[in-house]
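Novice: First, the structure itself, so that you have it in front of you.
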Protein chains: 2
Amino acid sequence: MREVRREPGCELCDLTVPVVWQDEKLSVILVEDAAYPGFCRVIWREHVREMSDLSRDDRLLLNEAVHLVEEAVREVMAPLKVNVASLGNVVPHLHWHVIPRFADDAHFPAPVWAQAARQTDEAALAARRALLPDLAAAIAKRFNE
Amino acid sequence: MREVRREPGCELCDLTVPVVWQDEKLSVILVEDAAYPGFCRVIWREHVREMSDLSRDDRLLLNEAVHLVEEAVREVMAPLKVNVASLGNVVPHLHWHVIPRFADDAHFPAPVWAQAARQTDEAALAARRALLPDLAAAIAKRFNE
């Protein structure tokens, strides 16, 4: 069996947060972001830098995983828009952000990495946070089908 | 033949900029961004909001197109990192950003949508701009293969 490449000190090689779903290739987590309940991350388990460093099969697998998470996010969180991004400038270990966006979120319509435009009403955030168990279940269900 | 959905007033339905490559499904353009030579956009031609609104075949096609652009960007621009994102909060017409990132670019390592960290040396930008004809050719070559 081929050895999986790991990078000492890489926080995504040594994932210490709970996962919603995981297999030998990838992990799905709910990101702890107080302003963005429902923010998910799909993390490739091997220390790979870019999508185009993956084999074709692995790339299609990761694309499909991001798609399944997007579907679950839409179903449960009912966002106004979904944002999907693979950046990795700070942690160059392949991972995707899947972010449900709402008109009242902290940055809308700017990207979540821009300067915040507002503070979202705490009751709205709490209502979204209450959906997270359903989101975790919806993700797991899609990956187990 | 099914009618392609268009949205009046949508700037991505009525693309007025030159395209590097185009077929009946999608367009590839080089984005005019003085700070980011090599910034490409892959635009789905039909007015569709999310990746998960596409049929499976169309989704795979668009994923593949983004991949081909990423490959061309890496080959020609030799960036430190590639950033890939589908946001669409302002223009909710499905499109992907493919952005070559460099240690000396305006925002590195932050996303390009964050506050700028510096101004890149003009000679470095000019050297990157000089690669754009090669980038356009590399993109067209991949899509024509």
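The values are calculated or read from the model by the stated rules, or taken from the named source; none is laboratory data. Quantities reported herein were computed from a predicted structural model and do not represent experimental measurements. Neighbour counts are summed over all protein chains in view; Cβ atoms, including those assigned to glycine, are modelled from backbone coordinates with ideal geometry. When the accessible area is computed, the model is the full protein with side chains, heavy atoms only, and any ligands, DNA or RNA have been set aside. Shrake-Rupley method; radii C 1.70, N 1.55, O 1.52, S 1.80 Å.
Novice: By Cβ position, which chain B residue lies least far from the axis that rotates chain B onto chain A, and what is the distance to the nearest whole angstrom?
Specialist: Minimum Cβ distance to the axis, with residue: B:Ala85, 2.
Novice: Further question on the same structure: What does the charge add up to near B:Arg128, with Lys and Arg as +1, Asp and Glu as -1, over the other residues with Cβ less than 12 Å from its Cβ?
Specialist: Details: positive: B:Arg101, B:Arg129; negative: B:Asp33, B:Asp104, B:Asp105, B:Asp121, B:Glu122, B:Asp134.
Result for the neighbourhood of B:Arg128: -4.
Novice: Then there is this: Defining the label point at 7 Å along Cα→Cβ, can you sort the distances from A:Glu64 to the same site in each other copy, shortest first, in nm?
Specialist: Ordered by distance, the counterparts are at 1.5 nm.
Novice: With charges set only on the Cβ (+1 for Lys and Arg, -1 for Asp and Glu), what does the dipole of the protein assembly as shown come to about its Cα centre, in debye to the nearest 20? Show your work: numbers first, answer last.
Specialist: Numbers: 34 positive and 46 negative charges, 1 e Å.
Taking the Cα centre of the protein assembly as shown as origin, the dipole is about 0 debye.
Novice: Next question. Report the net charge of residues surrounding B:Cys13, where surrounding means a beta-carbon distance below 12 angstrom and charges are Lys +1, Arg +1, Asp -1, Glu -1. Show your work: numbers first, answer last.
Specialist: Details: positive: B:Arg5, B:Arg6, B:Arg45; negative: B:Glu7, B:Glu11, B:Asp14, B:Glu46.
That works out to -1.
Novice: How many partner chain Cβ atoms sit within 10 Å of a residue's Cβ in peptide B:99-108, on average, as a whole number?
Specialist: On the way: counts 1, 0, 3, 0, 1, 0, 1, 0, 2, 2.
Counting Cβ atoms of other protein chains within 10 Å of each residue's Cβ and averaging gives 1.
Novice: Calculated from DSSP H runs of 4 or more alone, at -39500 (n - 2.57) each and per residue, what is the 222 nm mean residue ellipticity of chain B, nearest 500? Please report the intermediate quantities before stating the final value.
Specialist: On the way: 3 runs with 43 residues, N = 145.
Taken over chain B, the calculation gives -9500 deg cm²/dmol.
Novice: Over the range B:1-82, calculate the relative contact order: mean separation of alpha carbon pairs under 8 Å at least 6 apart, over the residue count, as a percent.
Specialist: Numbers: 73 pairs, mean separation 18.0, N = 82.
Once divided by the residue count of the range B:1-82, the mean separation gives 22 percent.
Novice: So if I take the alpha carbon set of the range B:36-145, get Rg, then get Rh from the Kirkwood formula, what is the Rg over Rh ratio?
Specialist: That ratio is 0.99, to two decimals.
Novice: Something else about it: To the nearest 20 Debye, how big is the dipole of chain B about its Cα centre, given +1 on the beta carbon of each Lys and Arg and -1 on that of each Asp and Glu? Write out the running numbers ahead of the final one.
Specialist: Numbers: 17 positive and 23 negative charges, 35 e Å.
Using only the charged Cβ atoms, the result is roughly 160 debye.
Novice: Here's another thing I want to ask about it. For B:Arg118, go 7 angstrom from Cα along the Cα-to-Cβ vector, then report the distances to that same point in the other copies in nm, smallest first.
Specialist: Between copies, matching label points for B:Arg118 lie 3.6 nm apart.
Novice: Note down the Stokes-Einstein diffusion coefficient of the range B:1-78 in µm²/s, whole number, using a Kirkwood radius over alpha carbon pairs, 25 °C, and 0.890 mPa s. The partial results should precede the final answer.
Specialist: Working: Rh = 13.7 Å.
Once the numbers are plugged in, D ends up at 179 µm²/s.
Novice: List the accessible area buried at the contact between B and A, summed over both sides and calculated with a 1.4 Å probe, in Å² to the nearest 100.
Specialist: 2900 Å²
Novice: Taking the Cβ of B:Lys141 as the center, what net charge do the other residues with Cβ under 13 Å away carry, scoring Lys and Arg +1 and Asp and Glu -1?
Specialist: Numbers: positive: B:Arg142; negative: B:Glu71, B:Glu75, B:Asp134, B:Glu145.
After counting each charged neighbour, the total is -3.
Novice: Averaging sequence separations of C-alpha pairs under 8 Å and six or more residues apart, then dividing by the length of chain B, give the relative contact order as a whole percent. Mind showing how you got there, number by number?
Specialist: Values: 218 pairs, mean separation 36.2, N = 145.
After rounding, I find 25 percent.
Novice: Is there a simple number for the mean count of other chain Cβ atoms within 10 Å of the Cβ of residues in B:83-94, and what is it?
Specialist: Details: counts 5, 9, 9, 8, 12, 6, 13, 5, 1, 3, 0, 0.
Other-chain Cβ atoms within 10 Å of each residue's Cβ, averaged: 6.
Novice: Using a 10 Å cut-off around each Cβ of peptide B:109-116, what is the average number of partner chain Cβ atoms that fall inside?
Specialist: The mean count of partner-chain Cβ atoms within 10 Å per residue comes to 5.
Novice: If you count, for each residue, the other Cβ atoms within 10 Å and average over each peptide, how do A:64-70, A:124-130 line up from highest to lowest?
Specialist: Working: A:64-70: 22.4, A:124-130: 13.7.
So the peptides A:64-70, A:124-130, ranked by packing, come out A:64-70, A:124-130.
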